[in-house]
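No value in this document is a laboratory result; all are computed from the given coordinates. Because the structure is predicted, anything quoted here is derived from the model rather than measured. We place every Cβ from the backbone using ideal geometry, glycine too, and count neighbours over all the protein chains shown.
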Amino acid sequence: MDKNQAIGFVLMAALLMVWFYFFAPEPPPPSQEIANDSANIANPQSVTPDNGSIATFQDGENQSPALDSADLNNARYGVFTPAMVGKDQELSLENNVMQLYFSSKGGLVNKVELSEYEDYRYEKPLVLLDEQSSRIKYMISTGYGNIDLAQLYYTAEKKSLGDTLILQFNAALGNGKFISHIYSLAPNSYEVGHKFVISGLDSEIAGGKVSMIWDNHLKRLETDIKYSRNYTTVNYWLTSGSMEELSARSSEKQVETFSEAVSWIAFKQKFFTTGYVFNDPVSTGTVSAEYAEHDTTTIKYCQASIDIPLANFSTSAGSNKYYFGPIKMKNLKNVAPGFKENLYLGWPVVKWINQFAIIPIFNFLEKYISNYGIIIIILVFILKLVLTPLTYKSHISMAKTKALKPELDELKEKYGDDMQKMQSEQMKLYQQVGVNPLSGCIPMLLQMPILFAMFQFIPHAIEMRHKSFLWAEDLSTYDSIVSWSVNIPLISSFYGNHISLFTILMTLSTILYTWANSQSTAQMQGPMKSLQYFMPLIFMFMLNSFPAGLTFYYFVSNLVSFGQIAIIRKFVDDTKIRAILDENKLKNKDKKKSKFQARLENAMKASEENKKSRAKK
């Protein structure tokens, strides 16, 4: 071996040693069990928790591999850790008018069914709310962060106290600390007692308050979704004794902050409401409502966000209550002070007529008559009978005015260019014959509150919901004999995409009544004569989408009024009326003006002078 070969072998040996040192083959892979253990140690987040623990790490958190899941849970939830795991079970309470469903996770009401009512598809029971539409959170601030008490797991116990059913949810947190929900349901009741207790946790909850956040997407319950939205809002009762409400007809999002202590809140729809009554009033909170414009299953998106003092959750605090049910006077009036205001019955005078006259009569009739169309007819006859003296007096007054038409026409021809003089002579004539020109209007004005009372009562009467009569399938919404889906400019906007037969009959009967009434009065001249026949046509457009029960009421009322005029005419002798007026004219020829007439003439003179002064300018 020469020198060059020796150097070559040495270099080759050195290269082999370097190769085996740096590029040796990897050892065979470990068994699957060993691989899994290694992965668990390297990534504690991937451990599937057993029933005694839950994984709570968030991405990016650096935790020691030696820290077990129990330690991690304690770090995240602290004293609330024992209630962060459990089994979600459904429980229920039921009486003869509704069924409530609860979840052991959260211990809250998840679903409400009203057994006696149908939804807009005429299917029973009516689902007032469910998990998809309603969610309540009870948020607290702690040293571990914000915690939603609705995410805790509770154990449940169901029992009864006499006829009242009790369902209690309890979350034991150790060392005498606990959270519980206690619900009570009596027979035939839409009220659900709710006692919410938080015990031994004052030092754990920052700010001394619990924030109740109730998101309620109000479900579609009625056929006419557009009309329903105009009746859907959030109401709340101030302890000073008045109800506040968000604008129901506004298409903009409505938000209001409590200006003073509040006793209850209510998510009100046309015929049903979901309410919560606080045993101890709350002072801090906001409510909001927003149109669900393109959602055909939801009417409005509503929310109530309320801060409740921690003292209201003590074991000695009173019980709150829910109300899940119909907007019906007999059910609302005893729920809480002012809760009956969820049934809107009009302005004060109109409301009193409804509350103390119309509703009691209506409730009496429905005890014996099941057909609500017949009830409406009887109600019309009762009201017309009560108002007959006023109607008769009004008719006699108008007949006297008609008898004076020749004299009035003569004055108009004589003083037509001098309005002040003509009005003065007219008042002199009225005084001489003993006729008060306002006496025909006063009886009509006295009847107006009843007209307005029915206008408010029938659209809000849940008793007529899904009740049929003749061709109307539902007296609580419009009756449609013809409908179309195509949007017709102006027609669809101002009249609708349907034709209500009761509204047409109401319009025709109004025109008939107007004509019959004009035969008993002095004929109107000029635009007023046309206007009295044009107004019913305007109401035909306005009321086409109103409840069939209302337009049917007006139709029957017009027919009865027409009959009243026909009967009264048989007892009124125009010749005798003329003779009485002539006799009064002779008696009162030299009679001084009354104080009322003097004031009226002075007012007319002042008005005429103002017109002349404006004309000169």
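Calculated FRET efficiency, SER247 to VAL85, Cβ-Cβ distance, R0 = 51 Å: about 0.70 to the nearest 0.05.
Comparing Cα centroids, the stretch 276-309 and the stretch 212-275 end up 7 angstrom apart.
Between THR575 and SER370, the distance separating the two model label sites (each 7 Å from Cα on the Cα→Cβ line) works out to 5.6 nm.
Quick one: if the Förster radius is 60 Å, what FRET efficiency do ALA566 and LYS159 give, using the C-beta to C-beta distance and rounding to 0.05?
On the way: r = 68 Å, r/R0 = 1.13.
For R0 = 60 Å, the calculated efficiency reads 0.30.
When only Cα pairs below 8 angstrom with a gap of at least 6 residues are kept, the stretch 156-215 shows a relative contact order of 23 percent.
Of the listed peptides 561-571, 331-341, what is their order by residue-averaged count of other C-beta atoms within 10 Å, with the highest listed first? Before the final figure, lay out the partial values.
Details: 561-571: 13.9, 331-341: 17.6.
Packing order, densest peptide first, comes out as 331-341, 561-571.
The slack in the chain from LEU451 to SER115, taken as 0.36 nm per residue of separation less the alpha-carbon distance, amounts to 117.5 nm.
Going 7 Å from the Cα of TYR101 in the Cα-to-Cβ direction, what parts of the stretch 255-298 have a backbone nitrogen less than 20 Å from that spot? The answer is 273-275, 297-298, whose backbone nitrogens lie closer than 20 Å to the label point.
For the stretch 408-457, with the dipole built from +1 on Lys and Arg beta-carbon atoms and -1 on Asp and Glu ones, taken about the Cα centre, which of SER424, ILE442, PHE452 lies farthest toward the positive end? The Cα lying farthest towards the positive end belongs to PHE452.
Could you line up ILE511, ILE378 from fewest to most neighbouring Cβ atoms inside 10 Å? Before the final figure, lay out the partial values.
On the way: ILE511 18, ILE378 14.
The most exposed by this proxy come first: ILE378, ILE511.
Taking all Cα pairs closer than 8 Å and separated by 6 or more residues, the relative contact order of the stretch 86-344 comes to 17 percent.
Using Cα pairs closer than 8 Å and at least 6 residues apart in sequence, work out the relative contact order for the stretch 274-418, in percent. Please report the intermediate quantities before stating the final value.
Values: 87 pairs, mean separation 22.5, N = 145.
Relative contact order comes out at 16 percent.
In a DSSP loop and with at most 14 other Cβ atoms within 10 Å, the GluC sites (Glu not before Pro) in the stretch 96-165 are GLU116, GLU118, GLU123, GLU131.
For a protection proxy built on the mean count of beta-carbon atoms within 10 angstrom, sort 219-230, 543-554 highest first, please. Present the calculation step by step, with values, prior to reporting the outcome.
Values: 219-230: 18.2, 543-554: 24.2.
For the peptides 219-230, 543-554, the packing ranking is 543-554, 219-230.
Neighbour counts of C-beta atoms inside 10 Å place PHE278, PHE313 in the sequence PHE278, PHE313, starting with the fewest. When each of the peptides 209-218, 458-467 is scored by the mean number of other C-beta atoms lying within 10 Å of its residues, the order from highest to lowest reads 458-467, 209-218.
Segment HIS498..LYS226, full-extension length gain: 96.5 nm, with 0.36 nm per residue of separation and the alpha-carbon distance subtracted. Modelled spin labels at PHE539 and TYR144, positioned 7 Å past Cα toward Cβ, are 6.7 nm from each other. Rounded to the nearest Hz, the phi-derived 3J(HN,Hα) couplings of the stretch 207-218 under the Karplus curve 6.51 cos²θ - 1.76 cosθ + 1.60 (θ = phi - 60°) are x, x, 8, 10, 9, 8, 10, 10, 8, 10, 8, 5, where x marks glycine and proline.
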